[in-house]
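Remarks on the structure that follows.
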Amino acid sequence: MARMFSDDQLKDIAEPPAEKALRALAAGDTVRMTGLLWEMASGPAGVEGLTLHVLSRFVGEFRKDFGEEGARVLLDRIGAQMMRSFATDYLAGIERQVIADLVSVFKHQGGGNLVPVVETDEEVVFDLAPCGSGGRFVLDGTAEKLPEWYGPWSDGVTSYCQACKACQRGLNEATGEQTWTTEIHGNTPGRCTLRFRKRQTRGTRLFPGSEIYSVTRTRIQLALEKVARHDYKITDLVRDQHRDWLPWHDFAISLAAHVFGICEVERGSAYLAEKLKRAYNSTFSLFYPVFLRLGDEQHLRYLCKAHHYHMMSFTLTEEDERFVFRLDPCGSGGRLFRGQMWRNLFEYGGPLSPRISKPSNITFNRSNFPVYCTHCASHNQDEFVNDVLYFVNDGHAQMHPGMPCLQFTYKKGVHVDRVDRILLKQVGM
């Protein structure tokens, strides 16, 4: 196939929306800039949606396989790992930062609405009306349509919210009191109230004046609010905006990494492979119809935007039959491998964060393989079976922390029979 894009065109395709918005702002093109701001506001949607669905489906699978009490035990072990740094800081008296960081996890959730309720001498209270994670599955009807994966358990709490409750229990057990609790309001679908109890800071104001409002706002929300008032002094809010949601991104990714890890620890690689097929591939394949409808340029632009919001640093090049992303690092598996997660939420070598010793198709037939990256092997195989080359990873590129990963997206009209035999062999095909 002939080359489709010049170097300048590829550079434009790969450029973050924030850079385009800053250039429009500098040129005084406020119409284009505002349009880009709204595009940026929905930037995390693809990565977030995939991860949330995968997490809920895995929790539903745990319930089916281990029973409700057994599944809660697994989730509590994950919650304890997720909350380690929060508990350490809270016990050290750094309560404002702990609360602000937990709030930042929720304020970035797409479709959610976080508002302050009150700060008293004893606690700080916020309302999610609605919640943008577990609440979204109630509001959009998914919990009712697919109850096995998303629906309420016998206590009335839905699958995804069970994971959130486990994190609360992890923090509360580590701090010795009810530091973080939530109340799910059954009479208002999707609504949840968050309560954070003060300890060493009891009797003081952690968020005085308007700070209790500002702590709930994202940079893109603040930028759009200023533009609505014809205030265009937003450069600092726009620059690298795709990295603003890093707390929520890394929280969800680390939660998924621990979920994969506990599958491996409890029941081994065959069980993890089966759960990836059922709970991950079933979600990933929802993107296939979108890919098939998009042209090459549309698809590339979509992937580049998703990669920016997936915390990736990458370069994009073109070959005869495919486009090559050099991820240095990949924003999830690569950063996990390098130990770069926010708040050190996940690090290899922990009790639920193994490297898999025995080669198999979900380790790209490598030994000592990082457990999180097994999902890439799983979706490679699924794409090959379905002949839908959405994007394919070279599982032998990132052999050690610090090495880049390679990802290929094939041009329209290229089928699996044209895929490099080495890539097929990596996943046993």
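Key figures
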| read-out | value |
| --- | --- |
| Given (1) among the charged types (D, E, K, R); (2) buried (at least 19 other Cβ atoms within 10 Å of the Cβ); (3) closer than 26 Å to Val265 by Cα, index of the condition Arg84 fails | (2) |
| Of all residues in segment 300-314 being in a helix (DSSP H, G or I) and in contact with a helix residue (DSSP H, G or I) (Cβ under 6 Å, 6 or more places away or on another chain), the one that is surrounded by the fewest Cβ atoms within 10 Å (Cβ to Cβ) | Arg301 |
| Search result, residues across segment 6-33 that are assigned to a loop (DSSP other than H, G, I, E, B) and more than 26 Å from Pro44 (Cα to Cα) | Ser6, Ala27, Gly28 |
| Tally of residues being buried (at least 24 other Cβ atoms within 10 Å of the Cβ) and over 9 Å from Pro189 (Cα atoms) across segment 122-135 | 6 |
| Sole residue being touching a helix residue (DSSP H, G or I) at 6+ places or on another chain (Cβ under 9 Å) and at pLDDT 95 or above, chosen from Leu139, Leu114 | Leu114 |
| Qualifying positions in segment 7-48 - under 20 Å from Phe314 (Cα atoms) and among the polar types (S, T, N, Q) | Gln9 |
| Filter pass, Val392 being in the same structural domain as Leu303 (by TED's automatic domain parsing), surrounded by fewer than 16 Cβ atoms within 10 Å (Cβ to Cβ), within 22 Å of Ala279 (Cβ to Cβ) and not hydroxyl-bearing (Ser, Thr, Tyr) | no |
| Helices (runs of 4 or more DSSP H) wholly inside segment 195-290 containing at least 3 residues that are over 23 Å from Tyr309 (Cα atoms) and modelled with pLDDT of 95 or more | 211-214, 246-275 |
| Number of the condition not met by Thr181 [criteria: (1) closer than 23 Å to Ala92 by Cβ; (2) assigned to a strand (DSSP E or B); (3) out of contact with any helix residue (DSSP H, G or I) (no Cβ under 7 Å at 6 or more places or on another chain)] | (3) |
| Qualifying residue in segment 314-336 (condition: at pLDDT below 95 and under 20 Å from the mean Cα position of the chain (by Cα)) | no |
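The values are calculated or read from the model by the stated rules, or taken from the named source; none is laboratory data. Source: prediction; values computed, not measured. Counting neighbours? That spans all protein chains shown, and the Cβs are built from the backbone with ideal geometry, glycine included.
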